[in-house]
Structures are given as C-alpha cells and as structure tokens.
Amino acid sequence: MDELQKKISSLDHNRMPVHVAMIMDGNGRWAKRQGFARSDGHAEGVSTVHRVTKLSSDLGVKYLTLYAFSTENWNRPADEVDTLMYLIGWAIERELPELLENNVRIHLLGDIDRIPEESRKKLLYARDSTAHCTGLQLNMCLSYSSRWEITEAARRLARKAAAGELDPDSISEEMFADNLTTAGIPDPDLLIRTGGEERISNYLLWQIAYSELYFTPVLWPDFSDEEYVDAIIDFQSRERRYGKTSEQVQNNE
C-alpha cells in the first residue's frame, strides 16, 4: 500500500466534508517558475481539476465548488482572459464523457451571460447533459464574486418588497440564502486555497461563515491527491463548535 492509500484508509468516512470549496491559485507563478507562458500554467491547472474532481467523487464528497474565474479576473490582460475562456470551454468539452461516466453533475454559478458565446454554449451543454447525474455535484464559479452575488440577492428582494410582494421585516437569513446562486446547496465544510496566499478573495463570503479554512503554499498545478487528502485529514482533526463550547459539542455527540 503506497503512502496515499495509507492516508485514504486512515480517513474517518463518517466525518467527511459534504461540501469542499477551492480557490485554485498559483497557475501563473507555476508557469513563471518553469519558464513557460502564463497560459501554460492555466492549461496545466486543468489536469489538477481533473484529478481533484475524480478524487472528490471517489471519496464520497457530495459537492465540490471551484473558483474558476472571478468577476475581477476580467481586468487581467485581454490575451490571458481570452486564453482562460478558451481553456474553460475546451476543458469542459474534453471532460464531459468522463463526467457522465462518473455520474458527476455540473452546476454553474456566476454571471454566465458574460462568458463568450462559444465557451458559454459548451458550459451550458455540459450542465444540461449532466442534469440527470446523481453523484458528485461540481459547482463551477465563473464570472463570480461574492459581493456581486450578495448585491444581486439584495436587489431581487428589494424589487419584491417595492412591488408589495414581500414584507421587508419577514426577510430572514434563510430567505436571503435562498436568493443566492448557491440556493439549495449546503454551505462548504472545508475551503482550501492553494498558492500560499491566506485570504478569501471575494469568494463565497456568506456561505463560509463556519467553514474550516486550509491554506497551502503548494501551487495549483502541483496540488496532488496526497495534498488534498492531507487537507481532509486536517479538517477531521478540528472541532467544529458553531459558537458553542467544547463541552456542549461533546455532549451532543
């Protein structure tokens, strides 16, 4: 048994994270260190997405949410944005047969209308083609930012209130959550960020209120299956109290 399999066998499958979110950082720096163009780093990062998705499915994770392209990423150099948009469409088209084989359902989060038509069509086709799948749900955040999402939810509720369809005093946390793009999806249990940065970068700010955070210096193209399992092992070592005391949590258990 190799080291990875030993670590997987040590996992407590009763305490697996239901929902794992990831910030895939470090593609450009990886390419620079290799003497490659930034686009090569993004292309290499697609292979990591493939591995992470497969391992998530194998481990029984129910939801995997990937920060693929932020609203702020539109401000990057035009040639890099064009490359990323092409790669997103190419990758989803290439991966679709295996996603179907592994019963993975695609769900899109973000301002998808901003995605160029060719890539958008491939994304929507993949989403519709996997709608019947009942295994892992792969949430792809594209042209997404949390402040955009929260602002859109507030506008939606404000329009209902202005039209007399909603009493503002009746707005609850649950109602607000139901107006986010993640409606119906449980909040992440674990948020992993690669690349060495230790910030959230406008990602799922509402949803990660009680998520466990895991930061690693490993650049996204180098993020291995073993590193992913290490993050889950670390997650399982933590006590999740949700504002309660350790004694209360232990008594409930």
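Observations on the structure shown:
- Label-point separation, residue 94 to residue 10 (7 Å along Cα→Cβ), nm: 3.4 nm
- Candidates per chymotrypsin sites (Phe, Trp or Tyr not before Pro) in the range 150-250, loop by DSSP, up to 16 other Cβ within 10 Å: 206, 210, 242
- Three-way shape label, the range 121-253, alpha-carbon gyration tensor, a/c 1.5: oblate
- Along its first, second and third principal axes, ordered by size, the range 69-180 spans 48, 38, 19 Å in Cα coordinates.
- Pairs exceeding a 27 Å alpha-carbon distance, out of 54/122; 6/32; 7/54; 32/62; 7/122: 6/32; 32/62; 7/122.
- With the highest mean first, a sort of the peptides 189-202, 139-152 on other beta-carbon atoms found within 10 angstrom per residue produces 139-152, 189-202.
- Where Rh is the Kirkwood radius over Cα pairs, Rg/Rh for the range 20-91: 1.00
- Protein heavy-atom accessible surface, 1.4 Å probe, per residue over the chain: 52 Å².
- Of the solvent-accessible surface of the chain, computed with a 1.4 Å probe over protein heavy atoms with every protein chain present, carbon and sulfur atoms account for 47 percent.
- For residue 144, residues with placed amide H under 5 Å, excluding near neighbours: 69, 70, 71, 111
- Contour excess over end-to-end distance, with Cα ends at residue 3 and residue 78 and 0.36 nm allotted per residue: 22.7 nm
- Gyration tensor over alpha-carbon atoms, the chain, equivalent ellipsoid semi-axes in Å: 28, 27, 18
- The label-point distance for residue 183 and residue 102, in a model that sets each label 7 Å from Cα toward Cβ, rounds to 3.0 nm.
- Over the chain, relative contact order from alpha-carbon pairs under 8 Å, at least 6 apart, %: 27 percent
- GNM on the chain, alpha-carbon springs under 10 angstrom: the most fluctuating residue among 126, 21, 37 is 37.
The values are calculated or read from the model by the stated rules, or taken from the named source; none is laboratory data. Keep in mind the model is a prediction, meaning the values are calculated, not measured. Methodologically, a virtual Cβ is constructed for each residue, glycine included, from the backbone with ideal geometry; neighbour enumeration extends over all protein chains shown. What goes into the accessible areas is simple: the full protein's heavy atoms, side chains included, and nothing from ligands, DNA or RNA. Shrake-Rupley method; radii C 1.70, N 1.55, O 1.52, S 1.80 Å.
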